[in-house]
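The values are calculated or read from the model by the stated rules, or taken from the named source; none is laboratory data. Small disclaimer: the values here were computed from a predicted structure and weren't measured. Glycine also receives a Cβ, built like all others from the backbone with ideal geometry; neighbour counts cover every protein chain displayed. Areas reflect the complete protein model, heavy atoms only, side chains present, ligands, DNA and RNA absent. Shrake-Rupley method; radii C 1.70, N 1.55, O 1.52, S 1.80 Å.
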There are 2 protein chains.
Amino acid sequence: MALSPLTEAFTLHFGEMGSRWGINRTVGQIYALLYLSDRALPADEIADELRFSRSNVSMGLKELQSWRLVRLQHLPGDRREHFSTLGDIWQIVRTLAEERRRREIDPTLTVLRELIMEPAETDSDRHAQLRLREMHDLIELLMRWSEDVQKLDTADLIKLLKLGGRVVALLGLKNRMPLIGKGERHNTTSAAEQDA
Amino acid sequence: MALSPLTEAFTLHFGEMGSRWGINRTVGQIYALLYLSDRALPADEIADELRFSRSNVSMGLKELQSWRLVRLQHLPGDRREHFSTLGDIWQIVRTLAEERRRREIDPTLTVLRELIMEPAETDSDRHAQLRLREMHDLIELLMRWSEDVQKLDTADLIKLLKLGGRVVALLGLKNRMPLIGKGERHNTTSAAEQDA
DNA sequence: CCGAATTTCCAGGAATTCCTGAACTTAAGA
DNA sequence: TCTTAAGTTCAGGAATTCCTGGAAATTCGG
């Protein structure tokens, strides 16, 4: 079976985008194909449609499963394994966020904490540690926010997102205190530390 | 001059992380070095410390400048160009978000729109278009949120982030209250959203 | 302008990542 | 248990990306 022009265009674009985000092009294309498909597909069919070797597809699917982005199912009367993406796109986002966090963000935070704890020998190192702390606090803040809003059910999450920055005005959070001294300048570390 | 162990550890980790996000390892290391440095550095010094060729550093800096993540300055009495990162880490986040959007998100949205407009020949294509619309609406919602909260000044943005999902309860959004003071309607996520 | 310092460009070798075919393993069904 | 379709693994060739040295271009002080 040949790919429809629609599916082909999307898989190509998605593969291209994937490779810009550190995802192997063919893995991206496999995911794109499954994402658009209205049924679970067996590996040999994927290989056929995308013109990849069977083994390449096997490796790609393993990778996608390790990200929990693709799941395996058995169809009655067919011995082959069939693969599909998560049906709910919000669940896809949640899964992606969790996995990226687990694999990349948390280890990075650990490294940052270790380096910040290290006794500094020089002024230069002390400055570097300030920068590291800024980065650490920023990432931690963003991750806490992300973790927190992911607990919302999807409808509420959508409402929150649609509200955007208006939340600040609605809740009267706007900082009305006169800017003292530093004008527009915001020191990240202290700003991130102060309680809202 | 040799790299301090602190700086070396960070540049190595950052380069490694960068390569997982589609950024060339050496470009990541150059950025990391500049990020930690307490002064602007000339290219030859960067090449020295990281043990890269002068030309590699030149290409890396060009790349970083094209992302507006590194800026060039001239120091009095020195003919060489000196480079530094943005001082405010929140500005770094804003710049990154803008550039990624411009380079990757917007073109993707364009492709998605084109494919959704295409007349569908088959049921399979019709299903694919529903999936494409879900993705389009989701990305658009996230981008609008991001663009919107970036207009806040940093102190307010931090407050909003710290608040996390509690916004929903505080504003009573759970009870189907209409959004206060809303003229324009965001027509995003029509496919992805289920209004509770 | 001249000349030296600095930066940029680029061809091609180095390094890395990707992909395949073939051999091997597994397990379902007869 | 045997047969065979299906799945996995992996060595090594293909493709891509990276990096360097040398040469050209640019810039600035004199």
>> What does the net charge come to around B:ARG71 if you take all other residues with beta carbon closer than 13 Å to its beta carbon, with K and R at +1 and D and E at -1?
In response: 0
> With each pseudo-label sitting 7 Å past Cα toward Cβ, what's the A:LYS151-B:ASP38 distance in nm, one decimal?
Replying inline: 4.1 nm
> When chain B is treated as a GNM, springs tying every alpha-carbon pair under 10 Å, which of B:SER58, B:SER84, B:SER124 comes out with the largest mean-square fluctuation?
Replying inline: B:SER124
> For chain B, with equal point scatterers placed on the C-alpha atoms only and solvent neglected, what are the log10 I(q)/I(0) values from the Debye formula at q = 0.08, 0.09 1/Å, to two decimals?
Replying inline: -0.44, -0.54
> chymotrypsin sites (Phe, Trp or Tyr not before Pro) within the range B:1-81: which are DSSP loop residues with at most 13 other Cβ atoms inside 10 Å?
Replying inline: B:TRP21
>> Just to confirm the filter: which trypsin sites (Lys or Arg not before Pro) across the range B:54-83 are DSSP coil and have at most 16 other Cβ within 10 angstrom of their Cβ?
In response: B:ARG68, B:ARG79, B:ARG80
>> Just want to confirm a number: the relative contact order over the range B:89-175, from Cα pairs under 8 angstrom separated by 6+ residues, in percent.
In response: 25 percent
> Exactly which GluC sites (Glu not before Pro) in the range B:113-147 are in a DSSP loop and have at most 12 other Cβ atoms within 10 Å?
Replying inline: B:GLU121
> For chain B, modelled as a Gaussian network with Cα springs under 10 Å, which listed residue fluctuates most, B:GLY164, B:GLY28, B:GLY18?
Replying inline: B:GLY164
>> At 7 Å along Cα-to-Cβ for each site, give me the label-to-label distance between B:LEU75 and B:LEU142 in nm.
In response: 4.1 nm
>> Taking the full set of protein chains and a 1.4 angstrom probe, give the accessible area of B:THR154 in square angstrom, rounded to the nearest 10.
In response: 10 Å²
> What nm distance separates the two modelled labels at B:GLU8 and B:ARG126, each placed 7 Å from Cα along Cα→Cβ?
Replying inline: 6.5 nm
> How large, in percent, is the carbon and sulfur part of the accessible surface of the range A:5-105 at a probe radius of 1.4 Å?
Replying inline: 52 percent
> Nm distances between the label at A:ARG100 and the same-position labels in the remaining copies, 7 Å along Cα→Cβ, shortest first?
Replying inline: 0.5
> What does the helix-only formula give at 222 nm for the protein assembly as shown: each DSSP H stretch with n ≥ 4 adding -39500 (n - 2.57), the total divided by the residues, and the result rounded to the nearest 500 deg cm²/dmol?
Replying inline: -19000 deg cm²/dmol
> How big is the charge dipole of the protein assembly as shown about its Cα centre, in debye rounded to the nearest 20, if each Lys and Arg gets +1 on its Cβ and each Asp and Glu gets -1 on its Cβ?
Replying inline: 740 debye
> How would you classify the protein assembly as shown from its alpha-carbon gyration tensor, with a ≥ b ≥ c the square roots of the eigenvalues: rounded for a/c under 1.5, else prolate if a/b is greater than b/c, otherwise oblate?
Replying inline: oblate
>> Explain nothing, just the number: dipole magnitude of chain A about its Cα centre with +1 on each Lys and Arg Cβ and -1 on each Asp and Glu Cβ, in debye rounded to the nearest 20.
In response: 440 debye
> What does the accessible area of A:HIS82 come to, in Å² to the nearest 10, when a probe of 1.4 Å is used?
Replying inline: 10 Å²
